[in-house]
Every structure is written in structure tokens, then in C-alpha cells.
Amino acid sequence: MRVLHRIACFVALMTLAGSLPAQEPFSFDATPGKLPKEVIPLSYEIRIQPDLDTLSTKGLARVHIEVRKPVDRIVLNTFKLTIASAVLEADRPTALAIDPDQERQATTLRTPEMLAPGKYTLRLDFSGSIGAQPVGLHTIKYTTPGERKTLLASKMEPGYARSVFPCWDEPSFRARFTMTAVIPANQTAVSNMPVAREKAIEGGLKEVTFAPTPPMASYLVSLNVGEFEALKGSVDGVALNVWTTPGKRATASYALGVTQKVLKYYNSYFGESYVLPKLDQIALPGGIPGAMEDWGAITYNEARLLYDPARSSLQTKQSIFRIVAHEQAHQWFGNLVTMAWWDDLWLNEAFAEWMSSKASDRFNPEWGVWLRSYRFTDAAMGRDARKRTHPIQQPIASEAEAVDAFDEITYGKGQAFIRMLENYLGEATFRRGIAKYIRAHRYSNATTADLWAALEQASGKPVRELAAGWTEQPGFPLVSVSATCAGGKRKVQLTQERFTLDDVAAAPFVWKIPVSLADGKSPLRVVLFGQKTSAYDYGDCSGTLRANAGSTGYYRVHYEPVLFDRLQANVKQLPTGDRLALLSDTWALVEAGRHSAATYLQLIAALKQERSLHVWERILGTLAFIDQLQQGEPGREAFQAYARALLAPPLRRLGWDSRAGEAYETTQLRARIIGALGQYNDPGVVQEARKRFELFLDKPESLAPDLREPVLYTVGRYATAGTYEQLHTLAVAAQRLEDKQLYYRALQRALAPELAQQTLALSLTDEMPTVEATTNPASVAKAGEHAAVAWDFVQRNFKALIDKVDVYGRNYYVARIMEAFSDTAHADELEAFVKANLPPSAVPIAARTAEAMRQRARLKKRELPVIDHWIERNGGVDKARVAAAAG
């Protein structure tokens, strides 16, 4: 019924454009959720004792509650917990009847008589379990020289706190939490607040009690226990600690420096200083793939936080800055002010993503952060152009559905819309509105309507009216541009329609679009385009007209032929962002059947002297996509030869080795080009990669950090049995998670089928870190080009494999493996398998993936012959060499 309800909501959104009722400001009683609101928690005192030998916990929760209306029952969340006793402490202790419901993930406590409104204390004795997946309390196994160890970590979002202690596990039930952990005396516990007291107890244990938190949502509770060491610092009176497993503290220095910069900047930007006395960041050697923003105790996958200048690449350095900035932004957007319910998840994630880009760009302008973020916008548009997209604000019925909302739309589209809105309102005005929103809702919850109200007050503009189309409607517009000239003046005509890849029945929405017009001569003009068609006077006809100038808009642009031809002829003179947008829009129009692939390849030819990292990344991404479509097709050898010919000149210019003082773009572009040439089996690159790998085995410092990935991936792709064993030995022995991931991902790229089988078999062992083990078959399927081999392996071992995946991650497991295929037969097989073997909540994900697979199949049929023909005529490919390589 839950899936049917969600589909009904989705259909309504697709057919009733703009008819959603206007969202109301936050009201606790009106907020969606499963729990009744007659009883609310005020504060929790939780004592928990984990036992890693039995993988169990025992605990005591004293919950101070308020009864708001007369009730004869108290309903709260529990999942895989056993409540041994429940006592209501008032004038006299009263035992409560305990009625658990695992399917609803709730327990009802029944009172012998009606409870009058007032305040009470609830005492709950409970026990639970510790898992191996990142759900609730879970273990992380890691190796030190000569020893395998285990630590305890927590992840409560979106609805996992209920598996650790009984609670009201919905975002609007804010309460204070006082945590106490009973742990081995030689270990350290890290939670949201500083340690208030610590005492030794019998059995070689100690009891650690933390100070009470501010009122907060249960999904932000944190508890991490292990052998940790800390790199300490401070900023603006806030104590900072970056916790690592022993021996890694020195590699936390960069993250600590980023934290000091960003926290100070956010204190100023939000007009509201960070409110806790400390901020801990914990580097976990496994567990979550990214990070979790627990208030005052942020957890990270170690590879996303620790930086070793001798080993880590510039890309790793940039990634660390962005993820630290993202998680710190959550301390305001998400923690201090929390979404009312999961349908407003974007208030957390999109704003944290946007602030992350903003902070990264402020402190590292040479990185071109906004240019790089266009990749995420492009990915969001790719998803948003399909039938099975959703609005930024979408109906969420449960925490299981909330997991599915952590996607490209929430992050990528949300960030892109915020940037577009900021650009339209003005940076200073937008900042005033954000500060107003934070002040008005601190220590409380909010809805999107509350944000629009704050921005309207700050700007005096109808923000809600402008924003509704972007956040409440699915999809995005295509702006078609044409122009006429009369008397030396240009009149620009804009027409909008919904952009889709192949959905002829898509609902015909209209958006209010801030369109930026430029021609290289006239002043930039921004028009708010809100009709199906409008015309604007702009320029004198002599400049090169372009829309979405600066590439800050979340829309595609389609130029009439004469305008497109002029853009292509002058593409080298366009700003980098506009070159990026032109490339992305042109390929998207190819996918939609509005351009031929030959048009895109001709545009690449006009850019063959390109030097921008960001433009090349866009080109390389499309080449990789075409190469995936070419797998098993007769034109693949010629296509790869074309790609090698295209990329050889940049490598000759860049060389293999960096030069003193070279720009970061140069260093990273070299790595991207080498990696791509390795992918396309360039003989010189493969030979040089093997040579450098052999030297690396004797002298690890000989391989520059930025060349590690392309060299190891190339060696892994063409690995012999001996080379494979060398990489495997390195993976097992690696102490740093970043190194371990690099080696395993090199193994996953092996083209030899027998080596792919060896890599797949690792998923059935405990050798790999949890995240790597669960994503291993999908990586072998896609990066290793062994979709059929991986899919056969998964079917034969499905129960053993799926048991290793957390309860919500199971919805994605099969789809991520099958998306390596690009044919309709496997799309049908995916949907049938998921319906037969996974819960109903996995069906929409399978349908979405199957839709993309079918679209790729249509694209292959339509465009691969065009690509093959264009390469034969224009690619400069030596057919004899191609035939020899194929033989």
C-alpha cells in the first residue's frame, strides 16, 4: 500500500502542474509523520553498554515527557530492540504494558488508566544488537600492523536511532540527550557534547557521561567508541578535535586547517555563531561511504577526511575541503534549524552542498569550484529529464522512502536552484534572508515556506511565486533561442518547454526563468522569462549571442542553426563556463534526438586546442559514455582510435611529469588525459604505466600522488595474473583506507574474465571494507566491463551478498549492478528480478534504472551508426591499424 500511495502522489504531481497547495510555515501539529503527537519527549538520559563479543547492547533510558492531551497509551519508535520493562515515574511508579510492532517499527506502552496532561518520566530497560552495516550502532573492522581491530560507530539518519534506544525518531520531535556509555577503560568515546564526567567501574570498564545536548532531532545523536587519537585545535572559542585510529593523526592536519577557516567563515556568514562548545570530527576506517553531520561529532569515511601530501592527490585535497565544508554547513542547516519532515530534506542537503561550493570557492578561487560543480548540475539534469524524476520537494511517506531522496535531484538540482536564486536576488540580499531564516528558527524546525518568507522579507520580491515551479514541479525547461535583426538592432525570441529525453506525454509546465543574455559586446542582461514565448531587445546583431551566460541557470538552451553555427565558430572566445554549457546542452540535445551526434563531435573538433581542465572533463565524460555504448559493437575499435588521436596532442604538451610551479589545472588535466588514454588502450600510455608501476613497487614515493590513480587503474585494467596478485597484496596490506580503495578499484577494472571472477569472490569474504565489499560487483560490472559475469555471480550468491547490505541499501543493490547493461532485455530482467526478490520499496528504483537502460538502448540504435560514420569520414583513423589492433 505504501508503494501504491507513493505512485499515486507521483502521478498527481506529474499531471497537476502548479496545483500543489501552498506549503505552510512550520507547525508541529501539522507536520507529517507516523507517531501521534499527544505525548512528546523533552529530554532523554540514556545509559548504554555495548558488548563487541556478543554484538549486543543493554541500556536504560529515562525519558522526560510531556502529555499534551489525555491518553491511555504512549507510542514511540523501536526497531530490533527488546524493552524488558517500562515504568512511568510520577507520584508512584506505574508499570506499563509493552506492545511491540516490528513492522511499524514502533512500541505502544499502555497505561492502566488515562494519563492527565502534564509532565512525567518514563523509565525503559532495553537491549539491542550491533550490526556490521552502517545502521544504528555498528562495528568497523580495520587492520594495524600485525593485528585486526574493531571499533564502534553510529549512524542514526534517517530512522536508525530507534534501533539503538527507544525514542521518538522523527525530525520534529526535538529533545535534549544526555548520553552515558560503558566502555573498555583503554578506549575513547566521542559523542555530540564534551565529556561531563568519567569514572572507572569493575571489569576493566569505565562509565563516560557527556553533557546534555541542545534540543535536537534523534537522527543527530552520535556515539563512537574505539582506540582513537586526536589532533587538537580551536577557532572562535570552539574546541576542535580530529579523531583518527592510531598512527594517522598527522594526516588530519589539512582537515583541521579547513575546519578552522570554514567555521570562522560560517560564524560570520550566518550571523549566528556555532552554538556548541566543541566540534569533533571522526575519521572512520570504513563504514559510511561519505560522512554524517551529527551535531558536534561529524563522522567521515577516513578516505574523505585524511590527507597525506606524499600520497594524496589534488583531487583528494579538493574533495576533503568540500566535504568538510558541507558537513559543517549542516551544523546550521539541518542541526540548528531542522527540516520539519523528510519531504523538505533539500533544506538540509542542497543548502549544505551550496555552502560547501561557496566556501571552497572563497578560499580556493583557483580551483574553479563553480565550474566543477557543473558536473553535478549536469548529472541532476540527466536524471530530471526522465519520466521517473521527482520535484525537489516530494511527498515522503516513511524513513525508507527518505533514503531514496538522497539523490541527484535533492543535492544537484537543489544546489543549482539555490545558486540561480542567489544570482537573481543578489548575493547580499540572499545572505540577509538566510540569516533571517536561521535566527527565526534556531533550535526548531522549518519548512520551505519559512525559507521563502525570510527571503521575501529580505528582498521585497515574490520569491515563493518564482520558486514554486522549481521546487514543486518535476523536470526543468528547455529555452529555445532565435533572433531577428532590424535597423541594426537585435530582437531575441525565447520559447520554453519542458525538456525530456523521450517522454512525449510529459506534463507541459511553465517556469519563471532568470535568463542571462550576453553577446560579448553589450552589458549582460537578465530577464525573468515566465511565459511560453517572449521577445526582448538586446544588442546590435554583431556579437555572438548566448543565453544562460555564466552557466548559472538550471535549464538547457537550444539555439536556432544560425546562432549555433556562430557560437561554434567563435567557441574558443567564449568564457569557460559558457563553453561548458554549450557542450553539455549539445550532448543533452543529442540524447533527446534534437541534435545529431555528428553535431557534438564537430563541436569537440572546434575545441581540440582546449586547455581548460573543466572543459576537458566534460568532453572526457561524454567520450566515456559513448565508449560504454560501444561495448560489444563493431565500431568500438575505431571510436577508441579516434579518442586516442584526440587526446594524444594534449598529453604531448603536458608530458608525464609535473613542473615546478605549474597550475593545479595542469596537474589534474595530465592525470585525466593519462587515465582516459589508458582506458582507450593507448600502447605508449599502457607501457609507461607498467614501467612506473614496477618502479613504484620498489619506491612508492617515485609515483606522484596525482598519477597514482591513472597509473594503477591502467595497470589494473590490463593486468596479468602476476600483476593482479601484486595489486591484491598491496590492497590487503594497506593501512590507509584511501590506499586500500585505490588498489581494490584497480583490481575491479581487470578486463580478464578469470581475474574478474577472483575480484567478485572477495565480496563473499570479510577482506574488503564494508563499503567496498557491497559496491564491488557493480564496480566489476561497469568499470571492469563484466556486466554479464557480475550479474551471473550475484544471482548465484544473492542471499549471501544481500545479507551484507544494510536494510535501505538493498533497494539499490541490484539496480546498480544492472545499470552496466544498455539493452531492453536486461531492463526487463532487472524489473522482474527486483519484484520477485526485493521488497516493494525497491521497485521504483528498478523502474528508474530500467528506464535509463532502455533510453541508452534507443540512443545506441539511433546514434552509434552516426558516430561510426562521422569517425570514418572525419576521425583521421588509420583503418589498417584499427584492424590490426582488433586482431
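Things worth noting here:
- Number of positions in segment 393-421 that are over 14 Å from the mean Cα position of the chain (by Cα) and open to solvent by 20 Å² or more (accessible area, probe 1.4 Å): 4
- First in segment 467-489 and free of Cβ contacts under 8 Å to residues at least 24 places away in the same chain, second anywhere and open to solvent by 30 Å² or more (accessible area, probe 1.4 Å) and part of a strand (DSSP E or B), Cβ under 6 Å, 6 or more apart: T484/K491
- Candidates Y600, Y664, filtered to the one that is out of contact with any strand residue (DSSP E or B) (no Cβ under 6 Å at 6 or more places or on another chain), under 26 Å from A746 (Cα atoms) and of a type in the set (S, T, Y): Y664
- Considering only residues in segment 846-867 that are over 21 Å from S596 (Cβ atoms) and in contact (Cβ under 8 Å) with a residue 40 or more places away in the chain, the one that is most open to solvent (accessible area, probe 1.4 Å) turns out to be R848.
- Within segment 735-748, tally of residues that are open to solvent by less than 10 Å² (accessible area, probe 1.4 Å) and more than 23 Å from the chain's Cα centre (by Cα): 1
- All conditions in (1) in contact (Cβ under 8 Å) with a residue 12 or more places away in the chain; (2) open to solvent by 10 Å² or more (accessible area, probe 1.4 Å); (3) part of a helix (DSSP H, G or I) hold for V590, with the sole exception of (2).
- For segment 616-632, a tally of residues being part of a helix (DSSP H, G or I), in contact (Cβ under 8 Å) with a residue 12 or more places away in the chain, open to solvent by 10 Å² or more (accessible area, probe 1.4 Å) and not small (G, A, S) returns 4.
- Residue within segment 110-132 that is hydrophobic (A, V, I, L, M, F, W, C) and open to solvent by 80 Å² or more (accessible area, probe 1.4 Å) present: yes
- Across segment 694-715, the number of residues qualifying as open to solvent by less than 50 Å² (accessible area, probe 1.4 Å) and in contact with a Ser or Thr (Cβ under 8 Å, 6 or more places away or on another chain) comes to 6.
- Screening Q318 on (1) open to solvent by less than 20 Å² (accessible area, probe 1.4 Å); (2) within 20 Å of G233 (Cα to Cα); (3) under 16 Å from the mean Cα position of the chain (by Cα) shows it passes everything except condition (2).
- Hits in segment 273-287 - residues which are surrounded by fewer than 21 Cβ atoms within 10 Å (Cβ to Cβ) and either over 17 Å from V337 (Cβ atoms) or at pLDDT below 95 (or both): P277, K278
- For segment 530-563, the set of residues classified as modelled with pLDDT of 95 or more, more than 22 Å from A467 (Cβ to Cβ) and surrounded by fewer than 20 Cβ atoms within 10 Å (Cβ to Cβ) consists of T533, A535, Y536, D537, T544, E560, P561, V562, L563, listed by residue number.
- Filter pass, A468 being small (G, A, S), at pLDDT below 95 and out of contact with any Asp or Glu (no Cβ under 7 Å at 6 or more places or on another chain): yes
- Odd one out for A598 among (1) crowded, with 18+ Cβ neighbours inside 10 Å; (2) modelled with pLDDT of 95 or more: (1)
- Among the residues of segment 580-614, those identified as of a type in the set (D, E, K, R), closer than 25 Å to E662 by Cα and out of contact with any Leu (no Cβ under 7 Å at 6 or more places or on another chain) are E610, R611.
- Of all residues in segment 260-270, none satisfies being touching a Lys or Arg at 6+ places or on another chain (Cβ under 9 Å), touching a residue at least 24 places away in the same chain (Cβ under 8 Å) and within 23 Å of A153 (Cβ to Cβ).
- The set of residues in segment 488-506 being within 28 Å of the chain's Cα centre (by Cα) and not in a strand (DSSP E or B) consists of F499, T500, L501, D502, D503, A506.
- Residue check, I323 outside any helix (DSSP H, G or I), modelled with pLDDT of 95 or more and either in contact with a helix residue (DSSP H, G or I) (Cβ under 7 Å, 6 or more places away or on another chain) or closer than 12 Å to A255 by Cβ (or both): no
- Some residue of segment 783-798 being touching a residue at least 40 places away in the same chain (Cβ under 8 Å) and part of a helix (DSSP H, G or I): no
- Subset tally (residues that are more than 12 Å from I282 (Cβ to Cβ), out of contact with any Pro (no Cβ under 8 Å at 6 or more places or on another chain) and open to solvent by 30 Å² or more (accessible area, probe 1.4 Å)) for segment 238-253: 5
The values are calculated or read from the model by the stated rules, or taken from the named source; none is laboratory data. Every value quoted in this text rests on a predicted model; they were computed, and no experiment measured them. Every residue, glycine among them, receives a Cβ derived from its backbone with ideal geometry; neighbour counts consider all protein chains shown. For accessibility, only protein heavy atoms count, side chains too; no ligands or nucleic acids. Shrake-Rupley method; radii C 1.70, N 1.55, O 1.52, S 1.80 Å.
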